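S.K.: What follows is a structure written as structure tokens; I'll ask about it next.
The values are calculated or read from the model by the stated rules, or taken from the named source; none is laboratory data. Owing to the predicted nature of the structure, the values given are computational and were not obtained by experimental measurement. Virtual Cβ from ideal backbone geometry, glycine too; neighbours counted across all protein chains shown.
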Amino acid sequence: MGSKAPSDAAVSGPIDGRAARWSGQRDKRRAEFVEAALRAIAEYGAETSTEQVADYVGVTRTKLYRFFDGAADLHHSIARRASDMLIAKQTPGWSMRARPMDMITATVSAHLRWRIENPSLYEYLSRHSLSDDANGVAAIHDVNRTVATNLSDVIAAVLRTFGLDERPAMPMSFGAVGFVESATTHWLNNPAAMPLPAFTAQLSEWMWSLWDSTLRSGGIHLDPHQPMALQRPEGSSHQ
């Protein structure tokens with residue numbers, strides 16, 4: 001009798017296993033390279049090159065690109081990590097049990113601190129594109145888009161809680177992030193015009209005005225200094 005041909009499962013199993021291990025190792029190395037890139041940018045500044053990132057971790061640029069599909073992919077990965085960092089600072093205060101003004105102030109303050117603490121990273125992301133086209137969209141826009149999308153989920157949940165149309169959540173969040181970004185950039189270039197605490201308070205008041213006008217258009221009048229959970233409609237089960 002001839003030998004029995006191996007089944008598809010027998011053939012694909014080891015291959016799939018090796019592929020899965022390589023994928024896991026590749027993802028791990030990508031994450032390590034991104035963290036190293038953040039440290040390199042903090043040390044060398046916004047003009048940090050891919051070669052400097054590679055040198056920082058002791059590999060060649062060619063080896064670095066074994067884990068990234070070109071410079072644009074590296075920039076996108078750095079932008080995604082920056083988004084995670086910023087969102088992690090903002091989200092702890094987002095809760096229906098929080099007072100609206102406290103929640104807004106904490107979010108604005110987190111954004112300001114991130115900009116103040118990461119000037120080189122912000123400039124780096126502003127200078128580098130998400131595509132191989134030098135005139136493409138800057139990587140910082142990916143950070144702002146991710147933050148705004150995450151914020152829109154919070155806004156939509158609040159609008160649903162109060163029985164309002166949640167469609168304004170997305171444009172409202174993108175508008176808010178754009179406003180805070182522009183105002184912060186101007187303030188950073190002119191910090192003497194207003195101390196940080198005063199600027200944070202003013203920016204938070206402006207953001208509350210945006211919230212308040214949206215809620216009032218639906219007939220909802222919130223006290224910004226009382227927990228939202230105590231002001232939601234009866235029968236609502238949202239947290």
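S.K.: With respect to the numbered conditions (1) under 18 Å from residue 108 (Cα atoms); (2) surrounded by 11 or more Cβ atoms within 10 Å (Cβ to Cβ), which one is the sole condition not fulfilled by residue 195?
M.R.: (2)
S.K.: If only one of 204, 209 is at pLDDT 95 or above and loosely packed, with under 13 Cβ neighbours inside 10 Å, which one is it?
M.R.: Exactly one of 204, 209 is at pLDDT 95 or above and loosely packed, with under 13 Cβ neighbours inside 10 Å, namely 209.
S.K.: Now for a different question. List the residue pairs whose Cβ atoms are under 9 Å apart, where the first residue sits in segment 187-208 and is in the same structural domain as residue 105 (by TED's automatic domain parsing) and over 16 Å from residue 116 (Cα atoms), the second is in a helix (DSSP H, G or I) and of a type in the set (S, T, N, Q), and the two are 6 or more positions apart or on different chains.
M.R.: 201/105; 204/105; 204/107; 204/109; 207/105; 207/107; 208/105
S.K.: Give me the pairs, please: first residue somewhere in segment 86-102 and farther than 8 Å from residue 228 by Cα and not assigned by TED's automatic domain parsing to the domain that holds residue 143, second residue anywhere and at pLDDT 80 or above and among the aliphatic types (A, V, I, L, M), beta-carbon distance under 8 Å, and either six or more positions apart or on two chains.
M.R.: none
S.K.: I would also like to ask the following. Look at residue 51 and say whether it is surrounded by fewer than 16 Cβ atoms within 10 Å (Cβ to Cβ), outside the structural domain of residue 195 (by TED's automatic domain parsing), in contact (Cβ under 8 Å) with a residue 40 or more places away in the chain and assigned to a helix (DSSP H, G or I).
M.R.: no
S.K.: Quick one: how many residues across segment 142-162 are closer than 24 Å to residue 127 by Cβ and either surrounded by 19 or more Cβ atoms within 10 Å (Cβ to Cβ) or modelled with pLDDT under 90 (or both)?
M.R.: Residues in segment 142-162 being closer than 24 Å to residue 127 by Cβ and either surrounded by 19 or more Cβ atoms within 10 Å (Cβ to Cβ) or modelled with pLDDT under 90 (or both): 5 in total.
S.K.: Okay, next question. Which residues, taken from segment 163-180, are in contact (Cβ under 8 Å) with a residue 24 or more places away in the chain and surrounded by fewer than 19 Cβ atoms within 10 Å (Cβ to Cβ)?
M.R.: In the first step, residues of segment 163-180 are kept if they are in contact (Cβ under 8 Å) with a residue 24 or more places away in the chain; the result is 163-165, 168, 172-180.
Scanning segment 163-180 gives 163, 164, 165, 168, 174, 175, 178, 179.
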